[in-house]
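Everything on this sheet refers to the single structure shown next.
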Amino acid sequence: MERPSRSATLELYKAAMLLSGVGDALGYRNQLWEYNESGPAIHQELQELGGLKNIKAELPDWPVSDDTVLHLATAEGLATGKTGEELMHEVAARYVEAMKDMEGRKPGPSSILGVSQLKPGEVGGYRVAYNPDGTGCGAAMRSMCIGLRYPKPDQLLSLVAVAVETGRMTHPHPTGFLGAVASALFTSYAIQRRPITTWGLGLINEACPIAKNFVEGRGYAVEETERDWGYFCDKWQWYLDLRGLAHGVGPAIWPASYGPAERDEAYKSFSLSGWAGRSGHDAPMIALDALLGAGSDWEELMSRAAFHGGDSDSTAVIACCCWGLLYGLQGVPEGNYANLEYRERLERSAEQLYALSH
């Protein structure tokens, strides 16, 4: 198995942003696979296309979805170098702009609703009303780049603050915005070369308590947020127990058989409502599950993270960003990324975030 290189170079940053878009485009397959509830059916169709090596992820058949458009909005906002309130208004403005680029990309209801309420430039204009249904994965799928901007252990407070505030621009429910914290945290851990077996524990023991203190300190929607807080952490604890990772020490425990059909059932059990990867807690959970199981094998990663029943582009966009930081483009067929939609923007934002983080 390839060993991850020791530190995140510019090339790894570029691979992370680029492969996040690749995972999105492949998992989405122009709406055909994101809404397909059968992993075995997707694998069958993949075989009929000649397998992953044969796929040229390019327009018109393989556009990126709302996931990448909104991830770019976050990344390009962060790349301005702004901080604090100024950064929040910048990102909010970019989300508003990104919503004009959604033809055929299928943004989720909470993202549409949240962005429609944003008033960037006005006092408090990056905050939206509490939404008890804002539990989806829309914040998780666009926040990996926050970990690229704040990759160091001593930047954890900044990472969490930015993930929470940008996350709740559309997903004010903790199950939604804590997904943003998870995605940002996992990319920072990939940069730090923390063992993947420790990532989930770090999320619930380190990042979630910081997020809770941050929400209380900000004094916005505190009561509702605290009322709805428990599910995210409880479900993550359940997952760590299931995989034998409650103490952060591997190896992970896997079922005897864990092919596409078995994974569909497992991922449903991770989910809030039976739609795997659709929520803020389980999109990063499936991504982590895939990273734990795939090692340095790109095809295996995609099999687990992108080609399953449920919200397959949102789980893949997270998993592939982390994988790119660990392994670069090694073993990825050139056709999967060479002509990807928005490749230049993805790589340019990676360069800018790398410069800011160093």
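If only residues of region 30-77 that are under 17 Å from the mean Cα position of the chain (by Cα) and in a loop (DSSP other than H, G, I, E, B) are counted, the one that is farthest from GLU334 (Cα to Cα) is GLU34.
Here's a check for you: in region 224-240, which residue that is under 22 Å from the mean Cα position of the chain (by Cα) and acidic (Asp, Glu) is surrounded by the most Cβ atoms within 10 Å (Cβ to Cβ)?
Looking only at region 224-240, we keep the residues that are under 22 Å from the mean Cα position of the chain (by Cα), and these are 225, 228-240.
Still in the list and also acidic (Asp, Glu): 228, 234.
Working: ASP228: 19, ASP234: 12.
Once the filter is applied, the top-ranked residue is ASP228.
Looking across region 290-314, the residues that are crowded, with 24+ Cβ neighbours inside 10 Å and not in a loop (DSSP other than H, G, I, E, B) come down to ALA290, LEU301, MET302, ARG304, ALA305, SER312, ASP313, SER314.
Which residue is surrounded by the most Cβ atoms within 10 Å (Cβ to Cβ), if the candidates are limited to region 245-271 and must be of a type in the set (Gly, Ala, Ser) and within 19 Å of PRO284 (Cβ to Cβ)? Among those that are of a type in the set (Gly, Ala, Ser) and within 19 Å of PRO284 (Cβ to Cβ), it is SER271.
Out of GLU299, GLU334, report the one residue that is without any contact (Cβ under 8 Å) to a residue 12 or more places away in the chain and either among the acidic types (Asp, Glu) or closer than 22 Å to THR197 by Cβ (or both). Walk me through it before giving the result.
On the way: GLU299 fails: without any contact (Cβ under 8 Å) to a residue 12 or more places away in the chain.
Selected residue: GLU334, the only one of GLU299, GLU334 that is without any contact (Cβ under 8 Å) to a residue 12 or more places away in the chain and either among the acidic types (Asp, Glu) or closer than 22 Å to THR197 by Cβ (or both).
Each residue in region 199-223 was checked for being surrounded by 17 or more Cβ atoms within 10 Å (Cβ to Cβ) and either of a type outside the set (A, V, I, L, M, F, W, C) or at pLDDT below 95 (or both), and 3 pass.
Total residues in region 269-289 satisfying the condition of being modelled with pLDDT of 95 or more, in a loop (DSSP other than H, G, I, E, B) and of a type in the set (Ser, Thr, Tyr): the figure is 1. If you go through region 328-358 and keep only what is in contact with a Pro (Cβ under 8 Å, 6 or more places away or on another chain) and farther than 27 Å from SER279 by Cα, you end up with just SER357. Would you call LEU340 part of a loop (DSSP other than H, G, I, E, B), crowded, with 24+ Cβ neighbours inside 10 Å and not aromatic (Phe, Trp, Tyr)? Yes, satisfied.
The values are calculated or read from the model by the stated rules, or taken from the named source; none is laboratory data. This is a predicted model, so every value here is computed, not measured. All Cβ positions, glycine included, derive from the backbone under ideal geometry; neighbour counts span all protein chains shown.
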